[in-house]
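The next block holds one structure in the form of structure tokens; read it before the comments.
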Amino acid sequence: MDTLITEISSQSNQRLVACLATLHLFTKIRPELMVQHTMLLTPYLTIRCKEPADSHILHYVARILEVTVPLMEHPSESMVAQLEEDMVRLTLRHGKMVLESCVACLGAVVNRVSKNYTLVRDCFSRFFTALTRFRQDLASDPERKISASMRPSILRALFTIGLLCKYFDADVFQTDPRLSIRDQVFDTLMFFTEQVKTDLEMRKKALSGLGFLCTRHHELLCGHRLCRFYHDLLRSPGMPQSAYDIYRANSKKSIRPSDLVDATSAPEDETENAEKRESDDCTQSQDDSNLLPSVSEVDKQATEQQEAILELKCVVLGNLLTFFLEEEKRMLEADAKC
């Protein structure tokens, strides 16, 4: 352990990541051994991520602090406040791996040490208010396009509110006693999962958020709405239509100019009109063949659709696996207390 602590000062990021990964494993087994070294790790929360190894540094440091800080005897208020500020800052800026680690660390520090729920409530409100506003806009205009500048914020909000509901009791975020914030979060995440079908990443983030939410509130997973959604998604075929069926459906949608002729107008010469329509049909059939997508294009679209459904299924299976692992962990902890 002391050798690893000494190696933390290494100038090589790869070597530092390896040391922190090993210390993280030791911390999971004997966390008390790392408590006295906690202050050596906090400065690494301020590093700027310039390469992938930097994200791993933040990840392992947050995971170690998640376990060691609650074990410290009388930690200084300034240190705890700075740590909470760092966790929130990293939550707003970094990717999935660092985000999960920081929210978990924030949950451990606030729930077991500082009880500073005002900070957590403000963080939650920032994300949930943005999601609620965007949901209202989509509900009033389903065809509304998601701007490129707004999309990353929505993806982060969907993922983060689920995480916050996993590590904190929903009552912490309650503002109106007449409304259940847990049910509001659930309805919002289900809306983005069910209704926003044109954006795969948004649906995946909403599904992940639902998985985090259900980890703490298992009754939602057993509820009819989510249970039916999971069931239908997992049973759905990878490709609902063959490429040929899609091609035929598209070809039937093409409209000829002759179909648009006013049925009430009386032709002066039926024979002449018939010849004209036949000529129009030949010309239009050639135009239609150019407008219809090729078989290869249809195959590509069908493959993309199949891959999207498979990705959603993977997220659902991941949610279920996490839920059962957390349930097993709770059962073991309950047995240990007996």
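Readers should treat all values here as calculations from the given coordinates under stated rules, not as data from a laboratory. Just so it is clear, the model here is predicted, and its values are computed rather than measured. Every residue, glycine as well, gets a Cβ built from its backbone with ideal geometry; the counts of neighbours run over all protein chains shown.
Which whole-Hz couplings ³J(HN,Hα) result when phi for each residue of region 48-60 is put into the Karplus expression 6.51 cos²θ - 1.76 cosθ + 1.60, θ = phi - 60°, listed in order with x for Gly and Pro?
9, 7, 10, 8, x, 4, 5, 5, 5, 4, 4, 4, 5
Just to check I understand the Karplus step: with θ = phi - 60° and J = 6.51 cos²θ - 1.76 cosθ + 1.60, what whole-Hz values come out for region 172-179, glycine and proline as x?
4, 9, 5, 10, 10, x, 7, 10
Can you pull the one-decimal nm distance between simple spin-label points at Glu73 and Thr132, each 7 Å off the Cα toward Cβ?
4.5 nm
Within 13 Å, Cβ to Cβ, of Leu321, how many net charges do the neighbouring residues add up to if Lys/Arg are +1 and Asp/Glu are -1?
Within the 13 Å Cβ shell, the charges total -1.
Rg(Cα) of region 1-115 divided by 2.2 N^0.38 Å?
So region 1-115 has a normalised radius of gyration of 0.98.
How about region 24-116: which GluC sites (Glu not before Pro) there lie in a loop by DSSP and see at most 15 other Cβ atoms within 10 Å?
Glu73
How many angstrom separate the Cα center of region 22-85 from the Cα center of region 99-118?
If we compute the Cα centre of each part, the gap is 13 Å.
For region 1-115, what is the relative contact order in percent, using Cα pairs closer than 8 Å and at least 6 residues apart in sequence?
25 percent
Calculate one ³J(HN,Hα) per residue across region 225-234 by plugging θ = phi - 60° into the Karplus curve 6.51 cos²θ - 1.76 cosθ + 1.60, and present them in order as whole Hz with x for glycine and proline.
5, 6, 4, 5, 5, 4, 4, 5, 5, 5
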